[in-house]
1. With the condition being crowded, with 21+ Cβ neighbours inside 10 Å, within 28 Å of the chain's Cα centre (by Cα) and at pLDDT 95 or above, I'd like the helices (runs of 4 or more DSSP H) fully within the stretch 493-601 carrying at least 3 qualifying residues.
2. Of the residues Pro164, Pro197, Pro201, which single one is surrounded by fewer than 21 Cβ atoms within 10 Å (Cβ to Cβ) and either under 32 Å from the mean Cα position of the chain (by Cα) or not hydroxyl-bearing (Ser, Thr, Tyr) (or both)?
3. Tell me the residue from Glu452, Glu429, Glu474, Glu417 that is part of a loop (DSSP other than H, G, I, E, B), among the acidic types (Asp, Glu) and over 18 Å from Leu495 (Cα atoms), please.
4. If you check Ala465 against the conditions, is it farther than 27 Å from Pro567 by Cβ, at pLDDT 95 or above and either out of contact with any Phe, Trp or Tyr (no Cβ under 9 Å at 6 or more places or on another chain) or in a helix (DSSP H, G or I) (or both)?
5. Considering only helices (runs of 4 or more DSSP H) fully contained in the stretch 615-709, which possess at least 1 residues that are surrounded by 15 or more Cβ atoms within 10 Å (Cβ to Cβ) and at pLDDT below 90?
6. Report, by residue number, each residue of the stretch 744-770 that is assigned to a helix (DSSP H, G or I) and out of contact with any helix residue (DSSP H, G or I) (no Cβ under 8 Å at 6 or more places or on another chain).
7. Kindly check whether there is at least one residue in the stretch 300-311 that is on the phi > 0 side of the Ramachandran plot and surrounded by 24 or more Cβ atoms within 10 Å (Cβ to Cβ).
8. Based on this model, can you work out whether Leu337 counts as crowded, with 17+ Cβ neighbours inside 10 Å, assigned by TED's automatic domain parsing to the domain that holds Gly239 and modelled with pLDDT under 95?
Amino acid sequence: MDSERSRVRFRVEGIVQGVGFRPFVHAAAGRYALSGLVANDDAGVLIEVEGAADAVRRFRRTLEEEAPPLAVIERVSAEPVPVEGLPYAGFTIAASRGTVDGDPACGTGGEGVAGGRGALVCPDIATCADCTRELFAPADRRFRYPFINCTNCGPRFTVVRGTPYDRIRTTMAEFTMCPACADEYHDPSDRRFHAQPLCCPACGPALRLVDSSGAALHGDPLAGAADLLRAGRILAVKGLGGYHLAVDAGNETAVRALRSRKHRAGKPFAVMVPDLPAAERLCEVDPAGRELLTGVRRPIVLLPRREEAGEAPLAAAVAPGRRDLGLLLPYTPLHRLLSAELTGPYVLTSGNVSDEPLAFRDDDAFARLTGVADAFLTHDRPIHARTDDSVVRVRGGRTIPVRRARGYAPEPLSLTEPAPRPVLGCGAELKNTFCLAGDRTAVLSPHLGDLENHETLRSFVEGVAHFRRLFGIEPALIAHDPHPEYLSSKYAYDLAEETGAELVGVQHHHAHIASCLVDNGMRGPVVGVAFDGLGYGTDGTLWGGEFLVADLCGFRRAAHFVPVPLPGGTAAIREPWRMAVAYLDACGEEYGGREDGLPVRRRHGDRWEKVRAVARSGVNSPLTSSVGRLFDAVAAILGIRDTVDHEGQAAAELEQCADPSVRDAYSVRIDGGRIDGDRIDGADLVRSVVDDLRAGTAAGTIAARFHNSLAHVIVEVSRRLGETTGITVVALSGGVFQNALLVDRTVPALRRHGFEVLTHRRVPPNDGGISLGQVAVAAALDAAGALGPASS
């Protein structure tokens, strides 16, 4: 009879823990009358089934074709094992297997992602429709309970301490399930069967409303929080991955107070709205935006603002000078309840003071946010992994990731070139992320912020250590940016000295293009267009307006913008008018030297000649080809922005100023035949901008012509490089390509010339994608034998 029976051991890898996979397997085995077991372990999910051979085959098809919606199956392997031939004894969910040093909270104990067998962790998922119905059902025992969840939704990555994913390895370990919850947990027919964060008002976390001294405020915390917001107070709210600061979005005085206390002068605030109709009253929401707003990830979605706000006006200080708004819908039961209490929109911004990391530990939040917040809506479920909100831009049906964090991280990305040895990519200085990878799997951290202070650096170091434990990766290669002063690069050197790992320097703009290649499942070669603020070039100058002929293993700088001085170094980044000095000086005396010249010169007349002298001297004025800095110069010349309080502000406002109906462009010289390839003279663009300004042309028309001209340059240089190399694919990367207008002008024009165009879809084009690019380059070089010998 054994010939008619089969027993198979299945190994399932990918995001298969914390997504209801074991209950799904249990149900599938029951459907086909199979005996056996399923268990989480360090590498994923282990299954053994025994029964009729045909039933086992159908069971495997079910595994691969009907997995739970949150599962991401990367691989299913099967191994026949001896048939036990016992009578049908049912199917069980067995205890998880595998720990480190006997401590189930330490992390993985298997080979980890580096061996291609690591257990991956599900991102945090927005409250599902079933839980939402129960949340507002008076007869339900979880009515108005702010921590309701099930196998289809709720906290995951932010509460996980280690794998295998079980309650004991999450921050829910200290909450003992009550009998009613335990019954649900063990009932195969229940939606909460083996839901690890399962809880209810009788046994789970509790909400508290306290003042800035920590003293409890009496009454219902949610009602009290809503009353405070309506009264114009600033509220710190503990969310999934950290604290937010909330304020009534319609109260101008309150929003301005938040700006003042948070030291955030002009950067727009995100706004939480209760539902999709409320979002549509504020913004133009296309199908892509609707899907993002209401989906399981729930990022902040940047959408075009309606001319009239209708029934839900916002304070001008929410997003000063911007035609886009960052909207998000409630993604936790707590946010849903608070939104229901308020009914109107409220600001929900990161719980920090500008330039500091997001506060996520209670003691740290009270220490840093007291003085900013008037009260705290908090709870006693610890957050293990700091995770900010994700940000995605939507325009004309096109989505551009801006910040990858909650809802997306740490969902794996597949490398196009497998990594022979495990790799750590340390990322860049701004918008830092790090990335760990092994085999084909890369795990990108959530957005961390700018590594410009001790607190953010500590967050980076702690995050790398947590990922190494969680995913069982010990990097043999450490990829880093060659910039000698980046804190991420200094960390790479220190870690390599500590561990003996091999260092791999990856040029900044090559990493940008490699990141775009991985995002599109490509190896290259491509014409890579890398436009950003700046990055360390191989010639010692600061690049940022680059055309590369590149693949994952290497690149050639084929064309670039003519470098100009960065007068005062980093001061020119904070003060875009300095870039106007540099570019106007490059235009010649008629543009840069007239005493009765442009308004920008008159506004800074007392300092203009000193800054021009600094630029000409070369002292503290490194040369840069940066297109980001060219945007800064034009923004200052047009009077849009002379100084900034956050990175990219002048460029964003220049885009906002542009009239999208204008389609004509300026002419720009592209000087071919030089030894270092084509050079594009940005000064030509500035001359045209100034001529238009002197002729009385509207700023919106000038800004649009500037964007159109850059698109023309990209197309023309790409066309020339395509003719000489035979390459028919163009990859667009770097922070400048967050600019939706530029992308909208560029992509169709390239396609009309026969190019396949790669843009970013899952990781940001800005420096948030650099670490993935670093990993991809290091892996490709290692696979090609271009690095040191792999350790045995």
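The values are calculated or read from the model by the stated rules, or taken from the named source; none is laboratory data. Because the structure is a prediction, the values reported are computed rather than measured. Using ideal geometry, Cβ is built from the backbone for each residue, glycine included, and neighbour counts are taken over all protein chains shown.
1. Working: elements: 508-519, 570-574, 577-586, 589-592.
Ranges flagged: 508-519.
2. Details: Pro164 fails: surrounded by fewer than 21 Cβ atoms within 10 Å (Cβ to Cβ); Pro197 fails: surrounded by fewer than 21 Cβ atoms within 10 Å (Cβ to Cβ).
After applying the criteria, what remains is Pro201.
3. On the way: Glu429 fails: over 18 Å from Leu495 (Cα atoms); Glu474 fails: over 18 Å from Leu495 (Cα atoms); Glu417 fails: part of a loop (DSSP other than H, G, I, E, B).
Of the residues listed, the single one that is part of a loop (DSSP other than H, G, I, E, B), among the acidic types (Asp, Glu) and over 18 Å from Leu495 (Cα atoms) is Glu452.
4. Numbers: farther than 27 Å from Pro567 by Cβ: yes; at pLDDT 95 or above: no; either out of contact with any Phe, Trp or Tyr (no Cβ under 9 Å at 6 or more places or on another chain) or in a helix (DSSP H, G or I) (or both): yes.
Answer is no for this residue.
5. On the way: elements: 627-637, 649-657, 682-694.
No helices (runs of 4 or more DSSP H) qualify here.
6. The first filter runs over the stretch 744-770 and keeps only residues assigned to a helix (DSSP H, G or I), leaving 744-752, 767-770.
If the condition is that a residue be assigned to a helix (DSSP H, G or I) and out of contact with any helix residue (DSSP H, G or I) (no Cβ under 8 Å at 6 or more places or on another chain), then Asp744, Val747, Pro748, Arg751, Arg752, Gly768 are the ones that fit.
7. Going residue by residue through the stretch 300-311, those that are on the phi > 0 side of the Ramachandran plot are 310.
From the residues that got through so far, the ones that are surrounded by 24 or more Cβ atoms within 10 Å (Cβ to Cβ) too are none.
The answer is no, given that none of the residues of the stretch 300-311 is on the phi > 0 side of the Ramachandran plot and surrounded by 24 or more Cβ atoms within 10 Å (Cβ to Cβ).
8. Details: crowded, with 17+ Cβ neighbours inside 10 Å: yes; assigned by TED's automatic domain parsing to the domain that holds Gly239: yes; modelled with pLDDT under 95: no.
Considered against the rule, which asks whether it is crowded, with 17+ Cβ neighbours inside 10 Å, assigned by TED's automatic domain parsing to the domain that holds Gly239 and modelled with pLDDT under 95, Leu337 comes out as no.
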